[in-house]
Each structure stands twice: as C-alpha cells, then as structure tokens.
Amino acid sequence: MSPRDVTLTPTIANRRTFAIISHPDAGKTTLTEKLLLFGGAIQAAGAVKARGEQRRARSDWMKVERERGISVASSVMTYAFEGRTFNLLDTPGHEDFSEDTYRTLTAVDSAVMVIDAAKGIEAQTRKLFEVCRLRDVPIATFVNKMDREARDPFDLLDEIEQTLALDVTPASWPIGSGQGFLGCYDLLRDQLVLMDRKSRSELPAEGERCAGIDDPKLDRLLPGHAVATLREQVEMARGLCPPFDLQSYREGHLTPVFFGSAINSFGVRELLQGLAEFAPGPRPQPAQARDVDPGEGAVSGFVFKVQANMDPKHRDRIAFVRLASGHFRRGMKLKHVRSGKQLTMHNPVLFLAQDRELAQEAWAGDILGIPNHGSLRIGDALTEGEDIVFRGIPSFAPELLQRARPDDPMKAKHLGRALEQLAEEGAARVFKPRMDANWIVGVVGPLQFEVLADRIRTEYGIPVRFEPTALYTARWIEGSAADLKTFADGNQSALADDHDGSPVFLARNAWHLQNAEETAPELKFLKTKG
Ligand code: G4P
C-alpha cells in the first residue's frame, strides 16, 4: 500500500452516498429539504421547491413535469453533517421513471425508505425496496407524517417485517400520534425529543438526555398517561424486535425504523445521526474479473446516468459518474474504457446542493458530473488505465412500443438523429425497422412518451406524434454473423436495428416470439442489451 492509500482512507470512509426511496407523496421532497437544512446546505425550507420552480420556469420541456407535478430530472446534493460528507442522490418518484431510479440505486451505498405513517408500505416503495435488496443495499426507514392520524406503530413494524421479509428494530419510539403526537424517545441515544409545532422550518432543539426509559425525568417532561404508554410500548417492542445490530443492518437484513414528521423538521436529526454513525461508507463495486475497492489508489468510476443539459440551446450532456476508487483531481486524464480514448477532465462538476460547482477533487463514493457531447454512456467505465468493466447496472426490456412520426415528413431524418441521441442518453430504446421508414420507440412507462415528444419538440424543434403499434415486445438477437443473416433473411419484416446498429427482433405477440426462438435455437433473444 502506498502512503497515499493510508491517508485517503478516513476521507473516503466518511462519505455517505445514499438515496431516498418512497411512494409518491410519502414526503421524499420534504425530507430531502430538511436533510439539506440540517446539513447547512440551504438556509430556509422551501429552497428545494423554489429551485425546482426556477428550473421549470427556465426550460420549456419540463412542462410535462410541471403539469404532472412530478420530478423528471434527478440530481445529486452534497452536504456535510457531523464531520461526514453526504451525497444524496435524488430519484424521480413517478413509476414511469423507475428505470432511471433503478440505475441511480446502483450508485449508492445505502438508502432511506420513507413511509407515510397512515399508509404503510405502498406499491412503489416495495418495488424500489426489491431493487435495493438485489444489491444488499442497507436501508434505514423513516416513518413520516406522525403529526397526522397514523397507524399503530406495532402494526407498521409488523407490516415492514412481513411484506419486505426484513428484520425491523425501532430506532426511536413515537409518543402519541396525530394531534396528540408529542415527539419520540430516541432508543439509540436514550434521549427524549419533543416536537415543537410552531417552528416548522427551524432546526429543532436537541433532545433531553435520559438514563433510560425508566428515568424519572420523563415523568416530569411528559403527561402521565403518555409516559405510561411509552414505557409499556417500548418494553413490548424490545421484547418483539431484535436489538439493533450493525452488521445485520449493513448486510441489508435489518432496518432501523425512525419515526418523525418531515414537515415539522422532526426526527430528521436523529435520522441523520443514525446515517452518520451506522450507514456504510463507500462499498466495493462489482466488476468483471474482480471487485474494485474504494481504497485503491487508482481512480475509477462508472456512468450510471446521462442527462441532457437543461439548456435547450446546447446539446451537451452530463454523465453522472460514481467514483468507485481513488482520489480524483480536476484536469487528470482518464481512460474511457469502451473507446480506449484518454479524456481530460477539464470541467467536472460536483453537486453542492444549491448549485453545480467545478470540482477540484473528489474521492471514492462521490458523484461527479462530466459534461460531454454524447461519448459517455450508461455503464461506461473511466479509469487510470485498467480495462475495468463494472457489473450490475440494470437495463430494462422496453415493454411499450410506439411508432414515432414527425408532423412534417421532411423532418424524418432529423427525428432519427434526435431519437438516436435520446437513446444514447438512456431516455428510451429506439429501433429502426428494416422494412419501414418510421422509428419504433420502446419505453417502460407510458408517461415517457409524453416527455420524449415534448423534448423532441422543444430541444430539436421537431413536432412529433407517437402512435400505437401492434408490437408486443423487442428482443436483441445475438449469434454468429452467418446465423444472424439466415434468420434475418427469413424475418425481414420483424427486424430492426437499435441506435448502435445491433439487430433487434420485434415480436407481434408471444407466439411470434416463441416461434422465432424455436426456429432459431442457435440465436439468443435477449430482453436487455448487455
Ligand atoms: P414526495 O416527494 O414523496 O412526493 O412528497 P412531498 O414531500 O412532496 O410531500 C407530499 C405531501 O405531504 C405534501 O403536501 C407535504 O407537505 C406533505 N408532508 C410531507 N411531510 C409531512 C409531514 O411530516 N406531515 C404532514 N402532515 N404532511 C407532510 P401537499 O399538500 O401535497 O403539498 P404542499 O402544498 O404542502 O407543498
């Protein structure tokens, strides 16, 4: 080990790169804002929303987002708390954009699951949880909206345990709920934290240290019935739930559950303290041949997301890169493994909550934005020379296929180019049928068509319609050149090429696909492109 490795380790170990997963409306935006408030990254609550409004006002294509009240674009927010550097990766909440969300989850080391106290586990929470589980991502749970009528805490814990097959342990215990919600007893630090309903957007006072749940101080600070219920419930919870176990949490088997009310800034400090103390630092990243350890001296990273620049006048993209190892410095040269080219990192950006800032340096675990003109694609690796191929970045089979038709037929070529660019960005799959002049676009959620149409109109100046097709699904075909040719000769009308020129079979129905697989067993029909 070089001396640099030794000095880097604490800097890297202090990084907490995480995402919030939740069902729409559970309170992710509100919690994000409060996390930033505690991290000193914003001065006043409301800034996250205000920033969103500004951005929306600036770019026309976000109209769809404004209309739907959803966040299409993801971003990264970096802030500090108690000596740790937090990188919070935002994920779009709407299920149509889950593809993007899934990819973002490959770049985090842990997640916070936000649950609405009245609703419990909802469909989207569950889906996202499953993705985290696939990668053994540790999850802390935040039960939000305790200031409203909430379900019984035992009931909620039981539901998490049963539906997600996860051990649960309360990190704090709620005292009452709804109108009668007074605060929480912090079981990890033994302190009483009371909620002040009057100062929603200010940092609430620190909790009151106690010697345990039987501390007589509690009798002075809480109404009699509340103390009695608290003691009784905590005793029951301790009997029913396993104690907090760091290893079990970090392996993704156990979730500590925090109760709170994001809108009242309540429970947020305890959650952050929990993450600072227990959430894992940067994890090794799986790659072909070997895992890449964050402590390795050489810089490496992978692209997990590509976003078109917000400014419609520029065709620039930003590739979001998760640094897997090393100490990155601005101006350094990195090898783009797919093309073999050296790229000089002239203008990398770090995402310091309010604004993008030019990054001078960054470490394993951090997220960098690298401006480029389309050379960086999802899954690409950047290294100091080694040919690393990172694994585990999911690609999804397009389930909905529509035909893209420009209003002005003279614009067909331009439309094709726009679609190819959007495909490179990962916004959709595009297929050029061999026997038809119109492109077929494949997505996983129907709202993606609207967003695409809007972007093509505003960013490329091409009014476009998406029309239904009778197509059932698309499969990438792999095999020897000779086998591919034989198959293609007999199936021209069902063949297309994607933006990279890879052959794709467009099936009209399940039988059509099955028949093709049976008649050409030497070929592979793949749901996703490797
Ligand atoms: P999301 O990003 O997960 O979709 O949720 P978001 O934070 O936007 O919150 C959804 C709604 O829930 C918002 O109300 C928000 O104010 C409210 N909310 C969030 N946390 C709490 C909480 O702790 N207690 C209560 N009572 N409400 C909470 P809205 O009416 O949809 O929007 P707004 O007009 O308040 O902005």
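Considering only residues of the stretch 32-53 that are surrounded by fewer than 20 Cβ atoms within 10 Å (Cβ to Cβ) and away from the ligand (no atom under 16 Å from the Cβ), which is modelled with the lowest pLDDT? My answer is Q43. Restricting attention to the stretch 216-233, and to residues there that are surrounded by fewer than 17 Cβ atoms within 10 Å (Cβ to Cβ) and in a loop (DSSP other than H, G, I, E, B), which single residue is farthest from the chain's Cα centre (by Cα)? Only one residue fits best here, namely P216.
Evaluating S265 against the criteria (1) at negative phi; (2) more than 21 Å from the chain's Cα centre (by Cα); (3) at pLDDT below 95 leaves one unmet condition, (1).
Among the criteria (1) touching a Phe, Trp or Tyr at 6+ places or on another chain (Cβ under 7 Å); (2) of a type in the set (V, I, T); (3) assigned to a loop (DSSP other than H, G, I, E, B), the one V137 does not fulfil is (1). The number of residues in the stretch 436-461 that are modelled with pLDDT of 95 or more and over 28 Å from the mean Cα position of the chain (by Cα) comes to 1. The residues on offer are A298, A308, A324, A319, and the sole one that is away from the ligand (no atom under 16 Å from the Cβ) and over 23 Å from E361 (Cβ atoms) is A308. Does A165 satisfy the condition of being touching a residue at least 24 places away in the same chain (Cβ under 8 Å), closer than 27 Å to S248 by Cβ and of a type in the set (A, V, I, L, M)? No; evaluated as a whole, the condition is false for this residue. Could you tell me whether the stretch 73-95 includes any residue that is modelled with pLDDT under 50 and within 16 Å of the ligand (Cβ to nearest atom)? Within the stretch 73-95, one or more residues are modelled with pLDDT under 50 and within 16 Å of the ligand (Cβ to nearest atom). The residue that is surrounded by the fewest Cβ atoms within 10 Å (Cβ to Cβ), counting only those in the stretch 117-143 that are within 14 Å of the ligand (Cβ to nearest atom) and polar (S, T, N, Q), is Q124. Screening the stretch 290-305 for residues that are in a strand (DSSP E or B) and either of a type in the set (D, E, K, R) or in contact with a Pro (Cβ under 9 Å, 6 or more places away or on another chain) (or both) and picking the one that is modelled with the lowest pLDDT gives K305. The number of residues in the stretch 245-265 that are more than 16 Å from the ligand (Cβ to nearest atom), outside any helix (DSSP H, G or I) and buried (at least 18 other Cβ atoms within 10 Å of the Cβ) comes to 4. Can you spot a residue in the stretch 444-466 that is part of a strand (DSSP E or B), more than 26 Å from A308 (Cβ to Cβ) and either hydroxyl-bearing (S, T, Y) or in contact (Cβ under 8 Å) with a residue 12 or more places away in the chain (or both)? Checked the stretch 444-466: no residue is part of a strand (DSSP E or B), more than 26 Å from A308 (Cβ to Cβ) and either hydroxyl-bearing (S, T, Y) or in contact (Cβ under 8 Å) with a residue 12 or more places away in the chain (or both). Within the stretch 18-31, restricting attention to residues that are polar (S, T, N, Q) and modelled with pLDDT of 90 or more, the residue that is farthest from the ligand (Cβ to nearest atom) is S22.
You will find that of L164, L157, the residue that is crowded, with 17+ Cβ neighbours inside 10 Å and at pLDDT below 95 is L164 and no other. Where strands (runs of 3 or more DSSP E) fall wholly inside the stretch 144-196, the ranges with 2 or more residues that are within 16 Å of the ligand (Cβ to nearest atom), within 29 Å of the chain's Cα centre (by Cα) and of a type outside the set (D, E) are 172-175.
Note on the stretch 452-475: among residues that are of a type in the set (A, V, I, L, M, F, W, C) and in contact with an Asp or Glu (Cβ under 8 Å, 6 or more places away or on another chain), the one that is surrounded by the fewest Cβ atoms within 10 Å (Cβ to Cβ) is I462.
The values are calculated or read from the model by the stated rules, or taken from the named source; none is laboratory data. What you see is a predicted model, and the numbers here were worked out from it, not measured in a lab. Note: ideal-geometry Cβ built from the backbone for every residue, glycine included; neighbour counts use all protein chains shown.
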